[in-house]
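First the structure, in the form of structure tokens, and then the observations on it.
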Amino acid sequence: MKRTAAFAAALALVLTLVPGPAAGAPAKIKIAKEKQFVLDWLARPEAVERFGQISDSIWDYAELGLQEFNSSKLLADTLEAAGFKVERGLAGMPTCFVATYGSGRPVIGLLGEFDALPMISQKGRVPRQDPVVEGAPGHGCGHNAMCTAAAAAAIAVKEAMVAHGFKGTIKVFGSPAEEIVASRPYMIRAGLFEGVDAVIDNHSSSGFGTGYGVDGNALYSTIFTFKGKTAHAAGAPWVGRSALDAVEIMNVAANYLREHLPISQRLHYVILEGGEAPNVVPDKASVWYYIRNTDERLEDMYQRVVNCAKAGALAAGVELASMRVISAIHQRHANKAAAELFQRNIELVGMPAWSEEEQAFAKALQKELGAEQKGMPSKLDALEAPRSGRDFVGGGSSDVGDVTLIAPTATIGFPGSVPGSIGHHWSNVACWRGTTAWKGLNAGAKAIAASAVDLLTKPEELGNLRKEFEEYVKTHPYKPFLPADSTPANDLNKELMDKYRAALEKALSGK
Ligand SMILES: [Zn+2]
């Protein structure tokens, strides 16, 4: 959810021309009673606090992708207690769930993520680097607030259905491991989205807005593993064949490759295994690559990186033992009609009013980071149009991309990050605990719930999304990048999470 200066300028212009809603103030338009119900239901202080506490608990758990046992259970239990039918452990992932309320068409899906990132542990609301547990995971992308916002919105919609008797189905897709983009292609493959008419995605942001068009990068996430022969590294190294050499040669080849790829690419790696002691030639080594490009260029780039791996194996005289595709995903193709509807509801909800304490924390964090000390935002973001004519539409990736090609989807970005805080960094972890996050996720939940009510009660609104989508997929049919033999990486983060889970629990219980 990056906003450009051009859009900020466009927004300023729009605001001078149109007397839009001020921060926190409702727009002066007639609001349907079903929609007013969800807005009022979520505005109650007990709702703000209840879902705020859930978000804080998930922040405390700080669970890595596919290890989110506590986070997933808390959200699924909350939805079940509210009357949803909850199916758990879906698509081969123990932490994946779907919560359903209602029956028949239309079927509106809400996406929700809840995983943390490694290495960035940080105390909440502390504006300087200060980890809860050194080296432990932390919520540096606000995912603790995201499935929470979806759950809050879904429960509000369910209550409105009970109170006002409108029909249809609302579903929350509890989606693990977004940080390793590793659940949605499997959830689609398992058929979980079959029959879903439209999807409302959400993501934490420093602003409050949405957009449409193609965004972000498609991605292959693959672990390359090499097998060689051990030997005494000084006594008889000629007997050995180093798997680590193959990793290093592969990396050198891949780094030369960058020069000859279109600028839409992103390429990065970490070495997972590289031997255990210098005096034993490593017989096993592995390297984990993220290979990113546009949908059109991804497969060609991937094959060229595979060639680098083969070159490494050949040069080192070792075997390229496996290429494990953890995930492979598309760019996001957000639906314009969906984004326009969501934007109207974002404008209806308005930016939360931030307290003096919240502004003081924001300015202290901005000062620490050397960013402009402008505090929290007061204005909404303008609807973000596609950056057409540009070769590069964004480096990051999300497995929401695959969902955008199987149902009309757009993402509501809700506030809570301090502007100038850095994603996937301790400064962002510091933002996502406490009242700023509570207000941001509550505002997001209102926009999600209001949009879901529109899609459930106004066939013409849903019709606009569906018409655009059906036209679009004629030229962009969904063909998964994920290989048919890939399985969810339930083991990938286990060791790392097991290492920190008890220490995190201990540190937080002693608070
Ligand atoms: Zn994220």
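The values are calculated or read from the model by the stated rules, or taken from the named source; none is laboratory data. All figures in this text were calculated on a predicted structure; none of them were measured in a lab. Using ideal geometry, Cβ is built from the backbone for each residue, glycine included, and neighbour counts are taken over all protein chains shown.
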Legend entry - Selection within region 470-497 - surrounded by fewer than 17 Cβ atoms within 10 Å (Cβ to Cβ), in contact (Cβ under 8 Å) with a residue 24 or more places away in the chain and assigned to a helix (DSSP H, G or I): Y472, V473, K494, L496
Inset, instruction - List the number of the failed condition for E179; all other conditions in (1) away from the ligand (no atom under 16 Å from the Cβ); (2) within 19 Å of M93 (Cβ to Cβ); (3) in contact (Cβ under 8 Å) with a residue 24 or more places away in the chain; (4) surrounded by fewer than 24 Cβ atoms within 10 Å (Cβ to Cβ) hold. - result: (1)
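Each row is one residue, and each column tells you yes or no for (1) away from the ligand (no atom under 15 Å from the Cβ); (2) surrounded by fewer than 19 Cβ atoms within 10 Å (Cβ to Cβ); (3) among the basic types (K, R).
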position	(1), (2), (3)
E368	yes, yes, no
G395	no, yes, no
V400	no, no, no
T409	yes, no, no
V418	yes, no, no
Legend entry - Test: residue in region 152-167 that is part of a loop (DSSP other than H, G, I, E, B), at positive phi, away from the ligand (no atom under 16 Å from the Cβ) and in contact with a helix residue (DSSP H, G or I) (Cβ under 8 Å, 6 or more places away or on another chain): no
Inset, instruction - Answer yes if at least one residue in region 315-337 is farther than 30 Å from Y220 by Cβ and in a helix (DSSP H, G or I), and no otherwise. - result: yes
Inset, instruction - From the list E368, E358, pick out the single residue that is among the acidic types (D, E), part of a helix (DSSP H, G or I) and in contact with a Ser or Thr (Cβ under 6 Å, 6 or more places away or on another chain). - result: E358
Inset, instruction - Give the residues of region 266-282 that are free of Cβ contacts under 8 Å to residues at least 40 places away in the same chain and not in a strand (DSSP E or B), sorted by residue number. - result: G274, G275, E276, A277
Inset, instruction - Select from region 84-97 the residues that are closer than 14 Å to F114 by Cβ and touching a residue at least 24 places away in the same chain (Cβ under 8 Å) and list them in ascending order. - result: M93, P94, T95, C96, F97
Legend entry - When residues of region 201-232 are limited to those that are away from the ligand (no atom under 16 Å from the Cβ), at pLDDT 95 or above and among the aliphatic types (A, V, I, L, M), the one nearest to A362 (Cα to Cα): A218
Legend entry - Scope region 103-148; condition surrounded by 22 or more Cβ atoms within 10 Å (Cβ to Cβ), farther than 19 Å from E505 by Cβ, away from the ligand (no atom under 16 Å from the Cβ) and small (G, A, S); matching residues: G109
Legend entry - Residue list for region 316-358, filter: among the basic types (K, R) and closer than 21 Å to T225 by Cα: R324
Legend entry - I108 being β-branched (V, I, T) and outside any loop (DSSP other than H, G, I, E, B): yes
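Each row is one residue, and each column tells you yes or no for (1) on the phi < 0 side of the Ramachandran plot; (2) among the basic types (K, R); (3) in contact with a Cys (Cβ under 6 Å, 6 or more places away or on another chain).
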site	(1), (2), (3)
K363	yes, yes, no
Q373	yes, no, no
M376	yes, no, no
K379	yes, yes, no
L383	yes, no, no
G394	no, no, no
S398	yes, no, no
V403	yes, no, no
Legend entry - Meets criteria (among the small types (G, A, S), more than 16 Å from the ligand (Cβ to nearest atom) and not in a loop (DSSP other than H, G, I, E, B)) for A254: yes
